Every structure is written in structure tokens, then in C-alpha cells.
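The structure appears right after this line, and notes come after that.
What follows is calculated from the coordinates using simple rules that are stated; it is not laboratory data. Remember, predicted model here, so these are calculated numbers, not experimental data. Glycine gets a Cβ as well: all are built from the backbone with ideal geometry, and neighbour counts include every protein chain shown.
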Amino acid sequence: MAAAKTLYAQGQLTRAFAHLETAHVIGQQHVMPHVVSHWWMLKIGVKRRSASEVTGQAVRIVLGALGSAVGVVPTGNTGGTNISMFKRLPIDERIRELVAKK
């Protein structure tokens with residue numbers, strides 16, 4: 001998240017979004033980290049003037065919070081609107097190791 005915020009501040013939105021996707025995969029089991037990753041994705045959508053990203057992230061903030069709260073999330077999903085919010089994805093080996101340590 002720290003890298004994403006720094007890159008966002010520098011206007012490096014594509015790189016920031018990539019870090020947010022990783023943060024999303026790592027934190028989606030927990031309400032606040034999950035919602036925060038979607039909030040920052042929404043902010044990037046606003047900067048890019050992408051109505052579809054803003055709308056998609058607004059929906060994901062609500063459903064993501066509920067999903068994390070009840071323990072139902074699509075594991076490995078990176079959180080962007082380019083992927084269905086219900087699709088499970090394989091987790092990169094390096095990320096899997098971080099998630100397993102939690």
C-alpha cells in the first residue's frame with residue numbers, strides 16, 4: 001500500500017494500480033485492507049476519468065466489505081474492473097507465501 005500511495009502521488013497510476021492489485025490479493029480476507037485497496041483503485045479511476053472503474057470500484061467497496069466480513073471472497077482476484085468480481089484467480093507464488101504466513 002505504501003508503494004501504491006507513493007506512486008499515486010507521483011502520477012504513476014499504472015504502477016500504483018499494480019501494487020494495489022497485489023495489496024488486494026493479500027488483504028481481501030480482511031475487511032479494512034480489502035476496502036482500502038478498492039478505495040485507492042477508485043481514486044485512480046477518478047484520476048483517469050474512467051466512469052466504469054469508478055462505478056465498478058464503488059460496487060466492489062460495498063460487496064468486498066460484506067464478502068470479507070462473512071469470509072466469502074474470490075481468492076486471488078486482483079480487484080480491478082478488468083476481471084469479474086466473482087472470478088477466482090491463481091495466486092502468484094511470492095504472494096501465496098505472504099498470505100500463508102498470516
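Taking the three principal axes of the alpha carbon atoms in segment 46-102, the coordinate ranges are 36, 25, 18 Å, sorted in descending order. With neighbours defined as other Cβ atoms within 10 Å of a residue's Cβ, the residues LEU13, LEU20 order from fewest to most as LEU13, LEU20. The Kirkwood radius of segment 2-52, taken over pairs of alpha-carbon atoms, gives through the Stokes-Einstein law at 20 °C and 1.002 mPa s a diffusion coefficient of 199 µm² s⁻¹.
A simple rule links phi to the HN-Hα coupling: the Karplus curve 6.51 cos²θ - 1.76 cosθ + 1.60 with θ = phi - 60°, which for segment 42-51 gives 4, 4, 5, x, 5, 4, 7, 6, 9, 4 Hz, with x for Gly and Pro. Evaluated with a Cβ-only charge set (Lys, Arg +1; Asp, Glu -1), the chain carries a dipole of roughly 160 debye about its Cα centre, given to the nearest 20. Calculated on the Cα set of the chain, radius of gyration then Dmax: 12.6, 37 Å.
Per-residue Karplus couplings for segment 13-18, computed as 6.51 cos²θ - 1.76 cosθ + 1.60 with θ equal to phi - 60°, are listed in order as 5, 5, 5, 4, 4, 4 Hz, Gly and Pro entered as x. Where a Cα-Cα gap under 12 Å defines reach, which aspartates and glutamates qualify for LYS43, not counting those fewer than 8 residues away within the same chain? Cross-link targets: GLU53.
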